[in-house]
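Q: Encoded as structure tokens, here's the structure I'll be asking about.
Please treat every number below as a calculation from the coordinates, not as lab data. Computed from a predicted model, the values in this text were never measured in an experiment. Every residue, glycine among them, receives a Cβ derived from its backbone with ideal geometry; neighbour counts consider all protein chains shown.
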Amino acid sequence: MRRFTPYTVPTCLATALLAMAGPAHASSDAAWEEHDRAVIEQCQQASQFPDAAPAGEPVLFDDEAGMTALLIQGHYPQDHMNGQAGQELCLFLRSSQEVYIADADKLAIGSDALPSTPTEAINGDADSGSAGQSGKPGDAP
């Protein structure tokens, strides 16, 4: 009769779990293309704009946030809006594939509408660029 020591069972369990886990695989390009198509399709369907179209590419948040954002553009269908152009921000929850839409007409349009550095936006001073600063992420201040 063979006896198990108290250390044999945990060792066997750990080995079995490691063998089942296998290597982690990144999503393929085809999977991300399908994800982007799903985001665009669902955001267009949820939009109030009859001519809803993406205003750019989907923006992926990290896995902790678990969402993708997409800016949608179109024209308001209401008579009192006289076909005025507008924007909506669509948030796509990757886990459930639910979408949430919010009016985004207040977002800045075009890079010329944005300050060149975050401190200019905080200070409200668009003319105070420092020489030698590129304003790129990762550059030392």
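Q: Provide the descending list of Cα extents for region 52-102 along its principal axes, expressed in whole angstroms.
A: Principal extents (largest minus smallest coordinate, Cα): 41, 19, 12 Å.
Q: Where does the charge balance sit around GLN73 when Lys and Arg score +1, Asp and Glu -1, over other residues with C-beta under 11 Å from its C-beta? Could you put the intermediate results ahead of the total?
A: Numbers: positive: none; negative: ASP51, GLU88, ASP105.
Net charge around GLN73: -3.
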